[in-house]
Amino acid sequence: MGRWEPDARGRLERAAMELFVERGFEQTTVTEIAARAGLTQRTFFRHYADKREVLFGGAQILEESLVNSIAGASDSAAPIDVVAAAVVAVGAVMQERREYSRQRQAVIDANPELQERELIKLASLASAMAVALRKRGVSDRAASLTAEAGIAVLKVAFTQWVCQNGPADLPHLMRASFGELKAVTAASAKT
């Protein structure tokens, strides 16, 4: 290997994504990812437990961001508004990585094992948000329902965002989806 270069984790992520897109997830090895990044397998395993974690390594950061946003919200805010603000804030960060998100989603969509891992990640995010809501004094059932609704909005808006051609604003799609959810539940309450 050549002399040390910075951003090993970023280089591994870029190399892995290139290879996953070119060859497919199953056909790509850790050795190939490390070589493409100009690094060793040992360096790869310092950053990731396995090649799946390249796609899911940001889950902890995402969870922390959602939980911190919920914890820092105004005490007077309704639970759904607290979750909406948290999800929209995460969407603003994700907005900057649209092409990566598209590629990542295509890799996940092509692999049932990765689809399952994505569902586990989303369930974990919902659970963490529900715990954060309970810490704010929201009842168990309301916290669970609100967190699950937040994840549903995230999934719907994200799917629309990665599938659209042309410019799209993920936070806007998320706010619009929360608005539709509120409208649907308000209409249901009237009947």
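Within a straight-line Cα-Cα reach of under 26 Å, Lys121 can be paired with the following lysines, leaving aside sequence neighbours fewer than 8 residues apart in one chain: Lys51, Lys135, Lys155, Lys182.
Here each label is just a point 7 Å from Cα along the line to Cβ, and for Ala106 and Arg42 those points are 3.6 nm apart.
Can you give the Kirkwood hydrodynamic radius for segment 8-53, in Å, rounded to one decimal and based on Cα pairs? Walk me through the numbers on the way to the answer.
Values: mean 1/r = 0.0999 Å⁻¹.
When all Cα pairs of segment 8-53 are included, the Kirkwood radius is 10.0 Å.
Between Arg97 and Asp75, the modelled labels are 3.5 nm apart [label points 7 Å from Cα along Cα→Cβ].
For the chain, the longest principal axis of the C-alpha atoms and the axis of helix 8-23 are separated by about 90°. Pop a pseudo-label 7 angstrom from the Cα along the beta-carbon direction at both Leu122 and Val184 and give the gap in nm to one decimal. Taking the two extended label points, one gets 1.3 nm. The C-alpha atoms of the chain define a longest principal axis, and helix 112-135 lies at about 40 degrees to it. Based on the Stokes-Einstein relation at 10 °C and a viscosity of 1.306 mPa s, and on the Kirkwood radius from alpha carbon pairs, segment 58-190 is assigned a translational diffusion coefficient of 104 µm²/s.
None of the figures in this text is laboratory data; all of them are computed from the coordinates on show. Since we're looking at a predicted model, the values are computed, not measured. Glycine also receives a Cβ, built like all others from the backbone with ideal geometry; neighbour counts cover every protein chain displayed.
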